[in-house]
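Engineer: One structure follows; several queries about it will come next.
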Amino acid sequence: MRNKEFVRYGLISLFIALCGIVTLWHVNITAGFISIPFFIILLVTFVMFTEKRYKKIKELSNYLAAVYSGQSAMDIRDNTEGELSILKSDIYKMTLMLSEQSELLKRDKQYLSDTLYNISHQLKTPLTSMFVMTDLLSDPNLPRDQHEVFLGNILNQLKRIEWLVSSLLKLSKIDAQAVTFKKETVAIEELLKKALAPLLITMELKSQQLMIEGNKSTTVSIDKNWTIEALLNILKNCIEHTPPNGSIKIQCEESPLYTKIAIQDNGVGITKEDIPHIFERFYKGKNAGADSIGIGLAMSKSILQSQSADVSVESEVGTGTQFTIKFYKQII
């Protein structure tokens, strides 16, 4: 009775019923008496159906209140015909979509929190080291050779911070889709040559053997500079985890679906527990080096996936690791 709409329609229906009874009474007294129970049944039926409809609307209101309070979206669909059933279905779809978006926001918030923590941790270590060495450099009695060692260490730490900040900025641009990948046709041989150029001295110092097999003249349609950086990070990882006198083998293959580059080393390998997380940011496996930050492979995967390519890894501890990169061809 507190619903004004129900009271209004009830009074109108009652007025129409009374008018009908009075009219029939004047026409025929017997007809007037007979019409009274029928009009009463009609009014009761109206009240019952209206109450049922309002009850369903109240259920929807309670459902929305429960969802608003944080409860999971329950399935309120009744799979029947009618406008109310359609409304239920639409509300359920909307609440389900909002619930999924809420979960995504929670995950993004947690990811942001973890990322900020990892960044602060990665920056804190070299900064603390530089503060300590700066205090030691202020000692007037510090030997000259120690002075040069500390300055060299500070310079290395500054380079590490610069690389970290630069890498994070690049990753942020890729995540925000603010990077425009300019496709051009490049030979695999050129990509490998430019990616290996900064690493050849390190390989020479470690007496590592490099083998390149397969069809190096095959071409791929990619952004050359970004792809070179992705390959560089993967090759660097292989070289760092391969002992002196080890070998790095690169196999190039082409199929109707993709062009594949397989980079294999005979290094320490990756444990089974680490393999599913090896491309996650700031993740450092059990065999990671002391200076590892855990961002190079994550950047490589982001760069490759942004160009419809992919990278996967297979490894066995003590035997070596193989990274497989597939540049998928566009088939019309």
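The values are calculated or read from the model by the stated rules, or taken from the named source; none is laboratory data. Note that this is a predicted model, so its numbers are computed, not measured. Positions of Cβ are backbone-derived with ideal geometry, glycine not excepted, and every protein chain shown enters the neighbour counts. Only protein heavy atoms, including side chains, enter the accessible area calculation; ligands, DNA and RNA are left aside. Shrake-Rupley method; radii C 1.70, N 1.55, O 1.52, S 1.80 Å.
Engineer: Which residues, taken from the range 6-26, are open to solvent by less than 40 Å² (accessible area, probe 1.4 Å) and hydrophobic (A, V, I, L, M, F, W, C)?
Structural biologist: Our first condition is that a residue be open to solvent by less than 40 Å² (accessible area, probe 1.4 Å); within the range 6-26, this holds for 6, 10, 13, 17, 20-21.
Selection gives PHE6, ALA17, ILE21.
Engineer: Can I ask one more? Could you check, for the range 265-277, whether at least one of its residues is farther than 15 Å from LEU196 by Cα, part of a loop (DSSP other than H, G, I, E, B), among the polar types (S, T, N, Q) and open to solvent by 30 Å² or more (accessible area, probe 1.4 Å)?
Structural biologist: Narrowing the range 265-277 to residues farther than 15 Å from LEU196 by Cα: 266-277.
With part of a loop (DSSP other than H, G, I, E, B) added as a condition, the list becomes 266-274.
Among the residues that remain, those that are also among the polar types (S, T, N, Q) are: 266, 271.
This time we only want the ones that are open to solvent by 30 Å² or more (accessible area, probe 1.4 Å), so: 266.
Checked the range 265-277: at least one residue is farther than 15 Å from LEU196 by Cα, part of a loop (DSSP other than H, G, I, E, B), among the polar types (S, T, N, Q) and open to solvent by 30 Å² or more (accessible area, probe 1.4 Å).
Engineer: Can you tell me which residues in the range 229-239 are surrounded by fewer than 22 Cβ atoms within 10 Å (Cβ to Cβ) and under 13 Å from LYS194 (Cβ atoms)?
Structural biologist: GLU229, LEU232
Engineer: Does any residue in the range 257-268 that is farther than 13 Å from GLU314 by Cα come within less than 8 Å, Cβ to Cβ, of a residue that is open to solvent by 40 Å² or more (accessible area, probe 1.4 Å) and among the hydrophobic types (A, V, I, L, M, F, W, C) six or more places away or on a different chain, and which pairs are these?
Structural biologist: These pairs meet every condition: LEU257/ILE331.
Engineer: Is it the case that some residue within the range 27-46 is aromatic (Phe, Trp, Tyr) and open to solvent by less than 70 Å² (accessible area, probe 1.4 Å)? I'd like the intermediate steps shown before the answer.
Structural biologist: We begin by selecting, within the range 27-46, every residue aromatic (Phe, Trp, Tyr); these are 33, 38-39, 46.
Retained after the next criterion (residues that are open to solvent by less than 70 Å² (accessible area, probe 1.4 Å)): 39, 46.
Yes: one or more hits.
Engineer: Tell me, please, whether a residue that is under 29 Å from VAL165 (Cβ atoms), of a type in the set (S, T, N, Q) and out of contact with any Lys or Arg (no Cβ under 6 Å at 6 or more places or on another chain) can be found in the range 282-290. Break it down into steps so the answer makes sense when it comes.
Structural biologist: Going residue by residue through the range 282-290, those that are under 29 Å from VAL165 (Cβ atoms) are 282-290.
Still in the running and of a type in the set (S, T, N, Q): 287.
Going one step further and asking which of them are out of contact with any Lys or Arg (no Cβ under 6 Å at 6 or more places or on another chain), we end up with 287.
Within the range 282-290 (the criterion being under 29 Å from VAL165 (Cβ atoms), of a type in the set (S, T, N, Q) and out of contact with any Lys or Arg (no Cβ under 6 Å at 6 or more places or on another chain)), the answer is yes, since at least one residue qualifies.
Engineer: How many of the residues in the range 181-222 are loosely packed, with under 12 Cβ neighbours inside 10 Å, part of a strand (DSSP E or B) and not acidic (Asp, Glu)?
Structural biologist: Here the count works out to 2.
Each row is one residue, and each column tells you yes or no for (1) within 30 Å of TYR92 (Cα to Cα); (2) modelled with pLDDT of 75 or more.
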position	(1), (2)
VAL22	no, yes
HIS26	no, yes
ILE29	no, yes
GLY32	no, no
ILE41	no, yes
LYS55	yes, yes
LYS58	yes, yes
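Engineer: Of all residues in the range 304-323, which are open to solvent by less than 60 Å² (accessible area, probe 1.4 Å) and outside any strand (DSSP E or B)?
Structural biologist: Selection gives LEU304, SER306, GLN307.
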